[in-house]
Amino acid sequence: MKIGVVGCGNISGIYLTNIGGLFKNIEVAGVCDLIPEKAEDRSKTFGGLRIYRDMYEIFADPEVDIVLNITRPNDHYGVTKAALLAGKNVYSEKPLATNMEDARELVALAKERGLTLGGAPDTFMGAGIQTCRRLIDEGRIGKIVGACAHMLGRGPEGWHPDPEFFYKKGGGPMLDMGPYYTTCFVNLLGRAEWVTAFGGISFPERTIGSEPHRGERIKVEVDTFATGAIRFASGAIASLTVSFDTYAERGSYIEVFGERGSILVPDPNTFGGPVKMLTPGKGYEEIPLDRGFTQNSRALGLSDMADAMANGRLHRANSMQQLHVLDIMTAFARSSKANAPVEITSPFERQPAVDPDRICGTY
Ligand SMILES: NC(=O)c1ccc[n+]([C@@H]2O[C@H](COP(=O)([O-])OP(=O)(O)OC[C@H]3O[C@@H](n4cnc5c(N)ncnc54)[C@H](O)[C@@H]3O)[C@@H](O)[C@H]2O)c1
């Protein structure tokens, strides 16, 4: 299937490498960016890709099967909506939208038009988390009682060239990094039912430490420290803390606890390991990864979506999952504001594990 790429920023390189490279069932039709030099640079780097004038030229091209929306979070809704209205299937970077109202509208629009919608993250399909899922599904640690996770850092303004959006509405550690953690949770623990959380802004103003905006100040509009608990339909309970306000040596941590042991899950912003399983009396042992995709395989979810469209099945990184994950993430702020638990009402069904004998896009 042919992919029209909207957005030629930081993340575009790995997509353009993997589409047609790692994944043979998809190929790039062309690229566009609001800043023409960025599209020209990508075209040159990747062997003379076609450059579309703008996203509307992509939408008008009958050759394009799927629009890849890799713009920034605040632009996701507008680009995805315009593509759907033009009759195109869409795969979007995370999150689907920055609020539930917009996200629900996109899901309804895709359904009404008979179009396929999905998107990142797809790291849950990688070897690390899929190996954890196999261990859980095989009952190796028994019934799951709960999980713990955190993503801790001091924020991206020290290194990111244009970090303001991380601190504005639609940003924050939850919408930026939370998708990896919550998507991992729902793939390992199933549908979420309740969230209760607290959040806050520890530093109302941030100073950019990177070029070209060094020294400029950012007024913080979103919670930069959020902590809460999620209750799953299975009865399992998980804690999640995300922050741009902390110095922490161990910035990423997820552990799933079962009645007969625990699994240390790898960083969900990666595709590989290590996976470690603790059994009482034996301590932690490293479990070999027996699934595909240990390296940066971004576009794996897109390849799976193209394959699903060709074979009449639901893809794994689908919009039901994106909506459910956004519901959980935004529930943190809703709960904190209301000082009360919030019910998660969006539906969710886990899709089949990635079959190691049917490697996406290469079969
Ligand atoms: N940068 C990363 O390491 C990273 C990692 C994982 C996921 N992501 C996600 O990928 C997405 C993009 O991130 P990025 O870092 O590449 O951002 P970026 O700001 O570097 O790039 C976004 C690009 O989209 C372009 N754009 C915006 N609206 C457009 C439109 N209507 N038509 C054409 N071009 C348009 C912008 O001009 C810009 O060049 C975000 O959702 C982010 O959360 C980024």
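The values are calculated or read from the model by the stated rules, or taken from the named source; none is laboratory data. All figures in this text were calculated on a predicted structure; none of them were measured in a lab. Positions of Cβ are generated from backbone atoms using ideal geometry, with glycine treated the same way; all protein chains shown enter the neighbour counts.
Annotations for the structure displayed:
- Residues being crowded, with 23+ Cβ neighbours inside 10 Å and in a loop (DSSP other than H, G, I, E, B) - total across region 162-184: 1
- Residues that are among the β-branched types (Val, Ile, Thr), part of a strand (DSSP E or B), touching a residue at least 12 places away in the same chain (Cβ under 8 Å) and not assigned by TED's automatic domain parsing to the domain that holds Ser92 are absent from region 319-334.
- For region 262-303, the tally of residues that are at negative phi, in a loop (DSSP other than H, G, I, E, B) and of a type in the set (A, V, I, L, M, F, W, C) stands at 2.
- Residue match in region 288-299 (condition: within 16 Å of the ligand (Cβ to nearest atom), small (Gly, Ala, Ser) and either assigned by TED's automatic domain parsing to the domain that holds Val107 or touching a residue at least 24 places away in the same chain (Cβ under 8 Å) (or both)): yes
For every residue, the table says whether it meets (1) surrounded by fewer than 16 Cβ atoms within 10 Å (Cβ to Cβ); (2) over 13 Å from the mean Cα position of the chain (by Cα); (3) among the polar types (S, T, N, Q).
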site	(1), (2), (3)
Arg298	no, no, no
Ala308	no, yes, no
Ser319	no, no, yes
Leu323	no, no, no
Val354	no, yes, no
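- Looking across Ile237, Ile230, one residue alone is touching a Gly at 6+ places or on another chain (Cβ under 6 Å), outside the structural domain of Gly13 (by TED's automatic domain parsing), β-branched (Val, Ile, Thr) and closer than 20 Å to Cys132 by Cα. It is Ile237.
- Selection within region 14-29 - closer than 17 Å to Val64 by Cβ and assigned to a loop (DSSP other than H, G, I, E, B): Gly20, Asn25, Ile26
- The residues of region 1-45 that are under 22 Å from the mean Cα position of the chain (by Cα), surrounded by fewer than 18 Cβ atoms within 10 Å (Cβ to Cβ) and under 25 Å from Asp162 (Cβ atoms), listed by number, are Gly9, Asn10, Ile11, Gly13, Ile14, Thr17.
- Restricting region 203-242 to residues that are hydroxyl-bearing (Ser, Thr, Tyr) and over 15 Å from Gly170 (Cα atoms) leaves a set whose member that is nearest to the chain's Cα centre (by Cα) is Thr241.
- Meets criteria (of a type in the set (Ser, Thr, Tyr) and outside the structural domain of Ala236 (by TED's automatic domain parsing)) for Ser262: no
- Any helices (runs of 4 or more DSSP H) falling wholly within region 30-122 and containing at least 3 residues that are within 12 Å of the ligand (Cβ to nearest atom) and in contact (Cβ under 8 Å) with a residue 60 or more places away in the chain: 73-85
- Residue within region 223-241 that is within 16 Å of the ligand (Cβ to nearest atom) and either acidic (Asp, Glu) or in contact with a Leu (Cβ under 6 Å, 6 or more places away or on another chain) (or both) present: no
- Test result for Asn10, within 10 Å of the ligand (Cβ to nearest atom) and touching a Ser or Thr at 6+ places or on another chain (Cβ under 6 Å): no
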